[in-house]
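Remarks on the structure that follows.
The values are calculated or read from the model by the stated rules, or taken from the named source; none is laboratory data. Since we're looking at a predicted model, the values are computed, not measured. Here the Cβ is made from the backbone with ideal geometry for all residues, glycine too, and neighbour counts use every protein chain on show.
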Amino acid sequence: MTSLNDVEPETTMIVDRIEGDIVIKANLNMVGIFEGVELTVVDTMAPPSKRELYVTTKIGEELVTIGRGLAGKILVS
């Protein structure tokens, strides 16, 4: 398992575990990120300074952007 922060763009992964309390898990669930879901890290056209702050994923046809701190709590394989 690796953190979502360490996944290269255009890579599809499955969420294995979300570290954190029920509030973190509930907030991620509301945007479609939960254990067992398949997501793809996308390379956005954001300026480099913004890429260091956020991770953008594609879940189905939806794009979801989350902060790097939260992405560090998402373990994928």
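Observations on the model:
- Flag if residue 24 is of a type outside the set (S, T, N, Q), surrounded by fewer than 16 Cβ atoms within 10 Å (Cβ to Cβ) and in a strand (DSSP E or B): no
- Among the candidates 40, 12, the residue that is β-branched (Val, Ile, Thr), more than 13 Å from residue 71 (Cβ to Cβ), modelled with pLDDT of 95 or more and surrounded by 13 or more Cβ atoms within 10 Å (Cβ to Cβ) is uniquely 40.
- Residue check for residue 40: touching a Leu at 6+ places or on another chain (Cβ under 8 Å) and of a type in the set (Ser, Thr, Tyr): no
- Of all residue pairs spaced 6 or more apart or on separate chains, those with beta-carbon atoms under 8 Å, a first member in segment 1-18 that is closer than 15 Å to residue 33 by Cα and a second member that is of a type in the set (Ser, Thr, Tyr) are 4/57; 12/40; 13/40; 13/77; 14/77; 16/77.
- A count restricted to segment 36-54 and to residues that are outside any loop (DSSP other than H, G, I, E, B), of a type outside the set (Asp, Glu) and touching a strand residue (DSSP E or B) at 6+ places or on another chain (Cβ under 6 Å) stands at 4.
- Filter pass, residue 33 being of a type in the set (A, V, I, L, M, F, W, C) and either touching a strand residue (DSSP E or B) at 6+ places or on another chain (Cβ under 8 Å) or modelled with pLDDT under 95 (or both): yes
- Residues in segment 19-32 that are over 18 Å from residue 56 (Cα atoms) and either free of Cβ contacts under 8 Å to residues at least 40 places away in the same chain or of a type in the set (Phe, Trp, Tyr) (or both): 21, 22, 23, 26.
- Any hit, segment 46-53, residues being under 19 Å from residue 8 (Cβ atoms) and in contact (Cβ under 8 Å) with a residue 24 or more places away in the chain: no
- Matching option when the condition is more than 15 Å from residue 18 (Cβ to Cβ) and β-branched (Val, Ile, Thr), among 42, 76, 64: 42
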